[in-house]
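See structure below.
The values are calculated or read from the model by the stated rules, or taken from the named source; none is laboratory data. This is a predicted model, so every value here is computed, not measured. Counting neighbours? That spans all protein chains shown, and the Cβs are built from the backbone with ideal geometry, glycine included.
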Amino acid sequence: MADNAANSVHKNAGISILGAGSWGMTLAWLLGNVGADVILYTRSAEKAAKLSQERTVSEPVKVELPASLKVTSDLSEAVSAERVMILACTSQTVREVSSAMQKILSAQQSKQAPVVVSAVKGLELETLKRMSEVIAQNIPNANVCALSGPNLADEILMGMPAATVVACQEPQVAAFVQSVLTSKRFRVYTNTDIVGVELGGSLKNIIAIAAGVSDELRLGANSKAALLTRGLAEMTRLAVTLGGQSSTMAGLAGMGDLFATSAAVTSRNYRLGTAIAGGATAKEAEASLGVVAEGVATTFAVCELAKRLNLDLPIASAVESMLLGKTTPEGAIMTLMSRPPVPEARPSSETTVLN
């Protein structure tokens, strides 16, 4: 399957991006500006018509869309086994979108295995599955990859350099997608640990909510450093338990994404945390964002996973309690600080994992 994809689709293959939120739009702009054949799909016919006519976007940064970029609300125009298809929708709609994609692909009856890349950072709340698992379930013959890293949309749209990771169990497919996405200002690394890469991108959103709380409460640099370090320990513990590698969590998709998301005032999960610490309820904070903060659903999914796996994830648990209104932001912090003393590290089956 991997050889079929890597050999049949060349570097100049068309790219379809499904989802016209800030990240999908950013990827479309980035790839279109380097001459790629890009189709951007949005389910809103009104939005597609507006973007096609005005050729500009104002959020998160005002930019002009490349002339070669095509915007459509017709999914069948974007879905083809001949194109690299990147999902940039919300985590809770990936099943719906990938199911619709499979119907179109089946009707096309292509002999080529499609390449589908998840650029979505989250877990499916109902099944607790990673996005690549959902996609593989719905498009069983696909070569599924995950794209994740410290990639703040506003910085990329301002022309700042960034790096990311594309993961796939088949290294040839990861290398192919790397060749398609790499540009002078967007450096793409490969990894075969798709479990770790996906979980890193998903779990860091929980810690970013807590980081927003910490900064809004003015708890200082020492407190935030401790929070991020212990947060990375929690991320690593769950990732390794689910089959990921601790080394991945020390890389771009883990530590890199965690630090960027927890420091950037434009990060939606960080902003959610600051809003809650400022007195808003979780629902009020989400509404004020105007966009989906993936960390909310991910927190609930991860806490359910922790129960099933008998894992101690105190930061995730504190964030869940805060989101449910069971404790105040100050109370959540004090709960973490009053935990019994323990060693910093303990041995694991793979390597030493922070406790």
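How many residues are of a type in the set (A, V, I, L, M, F, W, C), surrounded by fewer than 21 Cβ atoms within 10 Å (Cβ to Cβ) and touching a residue at least 12 places away in the same chain (Cβ under 8 Å) when one looks only at region 196-226? Walk me through how you get there before you give the answer.
Filtering region 196-226 down to residues of a type in the set (A, V, I, L, M, F, W, C) leaves 197, 199, 203, 206-211, 213, 217, 219, 221, 225-226.
Within this subset, residues satisfying the condition of being surrounded by fewer than 21 Cβ atoms within 10 Å (Cβ to Cβ) are 217, 219, 221, 225-226.
Restricting the remaining residues to those that are touching a residue at least 12 places away in the same chain (Cβ under 8 Å) gives 217, 219.
Of the residues in region 196-226, 2 are of a type in the set (A, V, I, L, M, F, W, C), surrounded by fewer than 21 Cβ atoms within 10 Å (Cβ to Cβ) and touching a residue at least 12 places away in the same chain (Cβ under 8 Å).
Is at least one residue of region 259-273 of a type outside the set (Asp, Glu), touching a helix residue (DSSP H, G or I) at 6+ places or on another chain (Cβ under 9 Å) and more than 24 Å from ALA163 (Cβ to Cβ)?
The initial filter retains those residues of region 259-273 that are of a type outside the set (Asp, Glu), namely 259-273.
Retained after the next criterion (residues that are touching a helix residue (DSSP H, G or I) at 6+ places or on another chain (Cβ under 9 Å)): 259-273.
Now restrict to residues that are more than 24 Å from ALA163 (Cβ to Cβ): 272-273.
Looking for residues that are of a type outside the set (Asp, Glu), touching a helix residue (DSSP H, G or I) at 6+ places or on another chain (Cβ under 9 Å) and more than 24 Å from ALA163 (Cβ to Cβ), one finds at least one in region 259-273, hence yes.
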message: Just checking, does region 202-223 include any residue being in contact with an Asp or Glu (Cβ under 6 Å, 6 or more places away or on another chain) and either assigned to a helix (DSSP H, G or I) or modelled with pLDDT of 95 or more (or both)?
response: yes
- request: State the number of residues belonging to region 43-58 that are touching a strand residue (DSSP E or B) at 6+ places or on another chain (Cβ under 7 Å) and either surrounded by 14 or more Cβ atoms within 10 Å (Cβ to Cβ) or part of a loop (DSSP other than H, G, I, E, B) (or both).
  value: 5
- prompt: What pairs come up if the first residue lies in region 310-336 and is assigned by TED's automatic domain parsing to the domain that holds LEU258 and under 17 Å from ALA293 (Cβ atoms), the second is in a loop (DSSP other than H, G, I, E, B) and hydrophobic (A, V, I, L, M, F, W, C), and their beta carbons are under 8 Å apart, counting only those six or more places apart or on different chains?
  reply: PRO329/LEU217
- request: Name every residue in region 145-161 that is among the small types (Gly, Ala, Ser) and over 15 Å from the mean Cα position of the chain (by Cα), in order of residue number.
  value: GLY159
query: Do we have SER223 as out of contact with any Lys or Arg (no Cβ under 7 Å at 6 or more places or on another chain) and on the phi < 0 side of the Ramachandran plot here?
result: yes
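Residue check: is GLY290 out of contact with any strand residue (DSSP E or B) (no Cβ under 8 Å at 6 or more places or on another chain) and exposed (fewer than 12 other Cβ atoms within 10 Å of the Cβ)?
Details: out of contact with any strand residue (DSSP E or B) (no Cβ under 8 Å at 6 or more places or on another chain): yes; exposed (fewer than 12 other Cβ atoms within 10 Å of the Cβ): yes.
Here the answer is yes, as GLY290 does meet what is asked.
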- request: Can you work out which of the residues in region 244-287 that are among the hydroxyl-bearing types (Ser, Thr, Tyr) and not in a helix (DSSP H, G or I) is surrounded by the most Cβ atoms within 10 Å (Cβ to Cβ)?
  value: SER267
Members of region 127-160 found to be without any contact (Cβ under 8 Å) to a residue 60 or more places away in the chain and β-branched (Val, Ile, Thr), listed by number: THR127, VAL134, ILE135, ILE139, VAL144
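Could you please let me know if MET101 is buried (at least 19 other Cβ atoms within 10 Å of the Cβ), touching a residue at least 12 places away in the same chain (Cβ under 8 Å) and in a strand (DSSP E or B)? Lay out the reasoning, then the answer.
Values: buried (at least 19 other Cβ atoms within 10 Å of the Cβ): yes; touching a residue at least 12 places away in the same chain (Cβ under 8 Å): yes; in a strand (DSSP E or B): no.
It is false that MET101 is buried (at least 19 other Cβ atoms within 10 Å of the Cβ), touching a residue at least 12 places away in the same chain (Cβ under 8 Å) and in a strand (DSSP E or B).
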task: Could you please let me know if THR299 is touching a strand residue (DSSP E or B) at 6+ places or on another chain (Cβ under 8 Å) and either of a type outside the set (Gly, Ala, Ser) or in contact (Cβ under 8 Å) with a residue 40 or more places away in the chain (or both)?
output: no
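Yes/no matrix, rows are residues, columns are (1) of a type in the set (A, V, I, L, M); (2) assigned to a strand (DSSP E or B); (3) crowded, with 22+ Cβ neighbours inside 10 Å:
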| residue | (1), (2), (3) |
| --- | --- |
| LYS111 | no, no, no |
| GLU126 | no, no, no |
| SER132 | no, no, yes |
| ILE135 | yes, no, yes |
| ASN141 | no, no, no |
| CYS145 | no, yes, yes |
| ASN151 | no, no, yes |
| ALA163 | yes, yes, no |
| GLN178 | no, no, no |
- request: Collect the residues in region 59-92 that are buried (at least 16 other Cβ atoms within 10 Å of the Cβ) and assigned to a helix (DSSP H, G or I), keeping them in residue-number order.
  value: LEU75, ALA78, SER91, GLN92
